[in-house]
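Reading through the structure tokens given below for one structure.
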Amino acid sequence: MLLQIVIFIVFFGVLIFFYWLFEVLFVKERFVERLSDLDPMRRVIEDKKIQQKQRKSPLAGLSKLVPKREGSKMASKLIRANLTLTAEEVLIYKLLFGSVLGFTAYTVKQDYFVVALMVFGVWNIPNIFINRRIKNRLDDFNDQLNSGLVLISNALKAGHSFMQAVSIAARETQGTFSEEFKILLKELNFGIPIEIGFSNLLERVNSADMKLVVNAILIQMDIGGNLSEILENISGTIRDRQKIKNEMNTLTAQGKMSGFIVMLLPVFLGSTIYLFNREYIMLLFQTKIGLILLGMCVFNEFVGFMIIRKIITIDL
């Protein structure tokens, strides 16, 4: 036991040393990169976000060793989650924490299944939190969207220009809607075309209702019409859709919870039996009949999940 503790301390010390070494070697500010801030097409962010970005991430040096992939799925998720991390930093966090916790699990338990389970959890937990944050921001945006459209419509009726109406909506609302429309307003003030500004907004907040609003605004700018009346009609449509969606979520909540429990129950029971009576459950992995039954269970789990998802998913 003492040897295992010493090995763990040495491993952790080496990890910290390499982290410090890469910080010294690679985290150096390049002043030429500041010129990119003069690009008018650059995404404009609020002062608070600028201050957060200026705080260097603890793993910023290591992240520079990872090749950057433009338009990656993780980078898009981080933008929608409004996080200052980069996709490369998230990958480094997963690798480091997965290695440390996996090594710790093997030192304590000396079981490859536990190590694999630990690494799998470390690798997927950040995705769960990021997806949860994206969903919360999207729900907050959609909740404020209807009132924001009413403010823009009323401001247009009062004789304000579209930019002034957007400014009023961004100032009078709160939460995600206010933040995103302030960013949109700053981008438009920097000379970015309105089509690109709205495209950036939809990239940050993937809202189906907002897509409907953006399409209506762009069409009105091409062919003309009363924008105030158009926004009022869209506001009513969005209000009805949100009402129906809330009713559907209430009616399908029990089905969602049942599907979630049924899907995780075999995994939970299998893991519990493995920890307390390994020889009993290993028959599933060491015999031909066990592997066939295990494959059938996985297949049935997948089919059941898809059926329950199809039942509780209602297109509006």
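The values are calculated or read from the model by the stated rules, or taken from the named source; none is laboratory data. Every value quoted in this text rests on a predicted model; they were computed, and no experiment measured them. Glycine gets a Cβ as well: all are built from the backbone with ideal geometry, and neighbour counts include every protein chain shown.
Against the condition within 29 Å of the chain's Cα centre (by Cα), over 17 Å from Leu212 (Cα atoms) and in a helix (DSSP H, G or I), how does Asn131 come out, does it pass?
Details: within 29 Å of the chain's Cα centre (by Cα): yes; over 17 Å from Leu212 (Cα atoms): yes; in a helix (DSSP H, G or I): yes.
Taking the combined requirement at face value, the residue satisfies it.
Among the residues here, Phe141 does not qualify as aromatic (Phe, Trp, Tyr) and more than 30 Å from Asp240 (Cβ to Cβ).
Per-residue answers, yes or no, for (1) in contact (Cβ under 8 Å) with a residue 24 or more places away in the chain; (2) of a type in the set (D, E, K, R); (3) touching a His at 6+ places or on another chain (Cβ under 7 Å):
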{"site": "Tyr274", "(1), (2), (3)": "yes, no, no"}
{"site": "Glu279", "(1), (2), (3)": "no, yes, no"}
{"site": "Leu284", "(1), (2), (3)": "no, no, no"}
{"site": "Leu291", "(1), (2), (3)": "no, no, no"}
{"site": "Glu301", "(1), (2), (3)": "yes, yes, no"}
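Residues in the stretch 157-177 that are surrounded by fewer than 21 Cβ atoms within 10 Å (Cβ to Cβ) and either touching a strand residue (DSSP E or B) at 6+ places or on another chain (Cβ under 8 Å) or in contact (Cβ under 8 Å) with a residue 24 or more places away in the chain (or both): Lys157, Phe162, Met163, Thr173, Gln174, Gly175. The numbered conditions (1) in contact with a Phe, Trp or Tyr (Cβ under 8 Å, 6 or more places away or on another chain); (2) more than 30 Å from Ile79 (Cα to Cα); (3) aliphatic (A, V, I, L, M) are all true for Met210 except (2).
Okay, residues lined up against (1) in a helix (DSSP H, G or I); (2) among the polar types (S, T, N, Q); (3) assigned by TED's automatic domain parsing to the domain that holds Ser72; (4) in contact (Cβ under 8 Å) with a residue 12 or more places away in the chain:
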position: Gln220; (1), (2), (3), (4): yes, yes, no, no
position: Ser235; (1), (2), (3), (4): yes, yes, no, yes
position: Gly255; (1), (2), (3), (4): yes, no, no, yes
position: Ser258; (1), (2), (3), (4): yes, yes, no, yes
position: Ser271; (1), (2), (3), (4): yes, yes, no, yes
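Can you name every residue in the stretch 255-277 that is under 15 Å from Val114 (Cα atoms) and surrounded by 12 or more Cβ atoms within 10 Å (Cβ to Cβ)? Within the stretch 255-277, Gly270, Ser271, Ile273, Tyr274, Leu275 meet the criteria.
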